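Okay, so here's the structure we're looking at.
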Amino acid sequence: MNKLALVRRVARECRMTTSGTVPATTIAQTGNLLDAVTWTDDAWNELQISNFWQWMRSRFTLSTVASTSAYAYGSCTDLTTGTAITRFREWLVNDPQDPATIYLTSAGVGTQGYVWYLPWELFRLTYRIGTVIESVPANITVDPQQNIVLGPTPNDIYTVQGGYWKSPQVMTLDADIPELPEYYHLLIVYNAMMKYAGSEAAAEIMSRALREGGPLRNQLQHDQGMRMRMARAMV
């Protein structure tokens with residue numbers, strides 16, 4: 001369902017209308033229909049930030065600059081879209097089962113290896129004291145400003161790749177479609193219904209949203225929630 005279809009479903013389920021074609025648009029609404037749009041938007045945003053969902057996981061690539069160790073997310077390219085990252089929530093470079101990789105760009109991907117994560121405090125003690133000679137980066141971290149930082153500082157152009165979590169999608173157009181799998185779209189409707197029920201003291205609608213939405217929430221958690229992973233073996 002696109003945004004317009006979601007809002008129409010919310011309006012109908014909350015008895016704002018009996019028609020499946022009201023509202024005609026989600027833009028510039030007023031009154032109860034504006035509430036339906038707002039509750040749908042809020043329900044979608046809150047669902048996205050309630051977990052680190054698999055559909056919000058993506059990968060990036062970064063071309064380093066010689067003598068530069070820190071890089072903001074805007075310097076990185078999303079591997080799916082091929083464009084600079086604009087929706088950023090958190091780096092995934094500390095995932096021991098999917099560590100970041102690096103290779104000398106001029107030498108090609110055949111020389112690719114791992115660049116291992118260090119917590120910022122340990123990284124700072126290792127690479128931010130005295131004089132550290134520029135070289136092939138061996139470690140990666142995230143500083144307090146959410147920049148990726150490499151150590152030692154690169155001495156050439158390297159290609160770094162890893163994972164990150166995207167920030168919530170904001171639907172602005174009628175035709176915008178939520179990024180979560182389509183068979184969970186109704187969960188946005190149920191969450192919006194709960195917002196309506198809380199505002200209007202509509203116990204019957206609240207009960208229905210909880211009763212019918214509960215199993216869908218559990219399935220979403222099982223299907224798209226954070227995965228439990230075994231730690232890497234100690235060497």
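The values are calculated or read from the model by the stated rules, or taken from the named source; none is laboratory data. Because the structure is a prediction, the values reported are computed rather than measured. FYI the Cβ positions are ideal-geometry reconstructions off the backbone, even for glycines, and counts take in every protein chain you see. Accessible surface is based on the protein model in full, side chains and every heavy atom, while ligands, DNA and RNA are left aside. Shrake-Rupley method; radii C 1.70, N 1.55, O 1.52, S 1.80 Å.
Among (1) outside any loop (DSSP other than H, G, I, E, B); (2) under 25 Å from TYR183 (Cβ atoms); (3) not β-branched (Val, Ile, Thr), which single condition is MET1 missing?
Among (1) outside any loop (DSSP other than H, G, I, E, B); (2) under 25 Å from TYR183 (Cβ atoms); (3) not β-branched (Val, Ile, Thr), the lone unmet condition for MET1 is (1).
State yes or no: is THR80 among the β-branched types (Val, Ile, Thr), open to solvent by 60 Å² or more (accessible area, probe 1.4 Å) and within 15 Å of LYS166 (Cβ to Cβ)?
yes
What number of residues within region 19-67 are part of a loop (DSSP other than H, G, I, E, B) and exposed (fewer than 15 other Cβ atoms within 10 Å of the Cβ)?
Going through region 19-67, the residues part of a loop (DSSP other than H, G, I, E, B) turn out to be 19-30, 50-53, 64-67.
Still in the running and exposed (fewer than 15 other Cβ atoms within 10 Å of the Cβ): 19-22, 24-25, 27-28, 30, 50-51, 65-67.
Here the count works out to 14.
From the list VAL22, VAL65, VAL7, which residue is of a type in the set (A, V, I, L, M, F, W, C) and closer than 28 Å to LEU220 by Cα?
From the options VAL22, VAL65, VAL7, the qualifying one is VAL7.
Tell me which residues, restricted to region 128-145, are surrounded by fewer than 10 Cβ atoms within 10 Å (Cβ to Cβ) and not hydroxyl-bearing (Ser, Thr, Tyr).
Applying the first criterion (surrounded by fewer than 10 Cβ atoms within 10 Å (Cβ to Cβ)) to region 128-145 yields 129-131, 133, 144-145.
The answer is ILE129, GLY130, ILE133, PRO144, GLN145.
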